[in-house]
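Visitor: Here's a structure for you.
The values are calculated or read from the model by the stated rules, or taken from the named source; none is laboratory data. Predicted, not measured: the structure shown is a model, and the values here were computed from it. Here the Cβ positions follow ideal geometry from the backbone for every residue, glycine too, while neighbour counts run over all protein chains shown. All accessible areas refer to the heavy atoms of the entire protein, side chains included, with ligands and DNA or RNA removed. Shrake-Rupley method; radii C 1.70, N 1.55, O 1.52, S 1.80 Å.
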Amino acid sequence: MPEPKPIPSSASLPDSPYQLKSLLQTGWFYPLLACLFLLLLLSAKQIGSYDLGTHLKTGLWIGQNHSIPVKDTFTYTQTDRDYLDSNGLYQVILYLLQKTLGYPALVLLNMTVLTLIFFFFLGRLKLSQASPGLTYLCLLLALFMMERRFVVRPEVFSWFFLSLTLLILDQRTRNRDFLYLLPLIQLFWVNFEGLFILGWFAMAVYALSEFFHQKRWDPKLIGVALLSVAADFLNPYFIKGVLFPLVLLTRLQGSNLHKQTITELLSPLEYLKTQNLHYDSNLHIFLFFLLAGLCLLFLVLTRKRRKLHEFLLLAAFGYMAFTAVRNIPLFALVAVPILASAIQDYRTQHSWRLNLGKVLPLLGGLFILLVSLRVMTNAYYITDRRVDRLGLGLDSERLPVKAAEFLTQNHLDGRLLNHLDFGGWLDWKGP
């Protein structure tokens, strides 16, 4: 693979197209701002996550017992079974927020994290030198691929930590060094969600890419990566906590019960077989295939300018997304900025210009306005055959809120043959 052309220093780069003056002149400021508004609307969903009750109950349990659970205390037939809670810090924060500010605060926390991810994502697109128009299209592509999983769940924090890690590593190639933050990121990540091992992979492929293209190892990056791995051992379960991602991996393989019964663990093709093939209800799947195809096309067209870590990231996260639909947002976060960089390189190489004045920004802003109106009236979700609804707080039609109240008020304290979806809430609010 030929060595990519060197990146010009910041002194030789032209004025950034993302400067406010430039954005206002080209008309792209308001469409990009509208993307942020649409993100806020799509993330402002009533909470219908079936895992919420379990997370809140575990946060309460940790506070009461001043320790992390090591046995399955919530399942009376399995109380002697070893239990590993990879979301402890997330659950404590969630419980404290709910206790002090109520359920709307949980949605606001999610909206805040997703907004930060938006700016990290925008930062990576800016590093790719993509034009504002291309940035707008990339933001929309990622947004529609990811929004189905804008739910109050710890995986959103994995998106956050992965986006920040990739931004730091990308900036490293532009002589902006924030590597010292990576061990701190891993320390929080391992106590928030079990996908922290993705940070290891990202650091490893960037280090390997540096060696491949520069014929030398980057001692600082290697040192920071080792410190980051060491930081992951600072979890309540020590080595068991570090090895937990390998346990998660078994849930995505073969005929495992989780794989058979949980829709989010289906592959995109299996998902399409079980769902109505209406284009709205499967838009994120079709966009995933579109993104994968475009990445493959432009990687081939600009292969002489691509770096090894781009190929490795796309291959690994593409495989994850082809394995389970829940990983499609991770693929979008990784792949879209790489695609933007490849398209920008192709445009530069072939002097490809498309100048529609301010017509295209106007149409882009109008499109987001129409989509936003549909989200605000819930028509977006109804047409999509989904039960999501705009708003803060609980979705009492999806969670068994009144059922739990009935059990408590009538002192129905016996053991329950529970349901996989509703059991968490009954743990939290049942007798």
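Visitor: Hey, residue 106 hits all of (1) assigned to a helix (DSSP H, G or I); (2) farther than 23 Å from residue 338 by Cα; (3) touching a residue at least 12 places away in the same chain (Cβ under 8 Å); (4) open to solvent by 30 Å² or more (accessible area, probe 1.4 Å) but one; which does it fall short on?
Guide: That leaves (4) as the condition not met.
Visitor: Moving to a separate point now. What's the number of the condition residue 90 fails, among (1) crowded, with 19+ Cβ neighbours inside 10 Å; (2) in a loop (DSSP other than H, G, I, E, B); (3) among the aromatic types (Phe, Trp, Tyr)?
Guide: (2)
Visitor: In region 130-149, how many are surrounded by fewer than 21 Cβ atoms within 10 Å (Cβ to Cβ) and in a loop (DSSP other than H, G, I, E, B)?
Guide: Residues meeting the conditions: 1.
Visitor: Which residues, counting only those in region 312-324, are part of a helix (DSSP H, G or I) and in contact (Cβ under 8 Å) with a residue 24 or more places away in the chain?
Guide: 312, 313, 314, 316, 318, 321, 322, 323
Visitor: Still on this model: Closer than 18 Å to residue 202 by Cβ, surrounded by 14 or more Cβ atoms within 10 Å (Cβ to Cβ) and of a type in the set (A, V, I, L, M): is that true of residue 362 in this structure?
Guide: no
Visitor: Right, next: Report every pair of residues separated by at least 6 positions or lying on different chains whose Cβ atoms are under 6 Å apart, first residue within region 203-215 and more than 18 Å from residue 305 (Cβ to Cβ), second at pLDDT below 95 and among the aromatic types (Phe, Trp, Tyr).
Guide: 211/217
Visitor: Now, a different point. Within region 162-177, does at least one residue satisfy the condition of being touching a residue at least 12 places away in the same chain (Cβ under 8 Å), assigned to a helix (DSSP H, G or I) and among the basic types (Lys, Arg)?
Guide: Yes, because at least one residue in region 162-177 is touching a residue at least 12 places away in the same chain (Cβ under 8 Å), assigned to a helix (DSSP H, G or I) and among the basic types (Lys, Arg).
Visitor: Kindly indicate the residue of region 372-421 that is under 30 Å from residue 285 (Cα atoms) and polar (S, T, N, Q) and also least open to solvent (accessible area, probe 1.4 Å) among those meeting that condition.
Guide: 372
Visitor: May I pose another question? Using the structure shown, decide if residue 342 is surrounded by 18 or more Cβ atoms within 10 Å (Cβ to Cβ), of a type outside the set (Asp, Glu), in a helix (DSSP H, G or I) and touching a Cys at 6+ places or on another chain (Cβ under 7 Å).
Guide: Here the answer is no, as residue 342 does not meet what is asked.
Visitor: Being of a type in the set (A, V, I, L, M, F, W, C), farther than 30 Å from residue 65 by Cβ and open to solvent by 70 Å² or more (accessible area, probe 1.4 Å) is the filter here; which residues of region 213-243 pass it? Even if it seems obvious, please write down each step before you answer.
Guide: Here is the first cut: in region 213-243, the residues of a type in the set (A, V, I, L, M, F, W, C) are 217, 221-222, 224-227, 229-231, 233-234, 238-239, 242-243.
Those left that are additionally farther than 30 Å from residue 65 by Cβ: 217, 221-222, 224-227.
Listed by number, the residues that qualify are 217, 226, 227.
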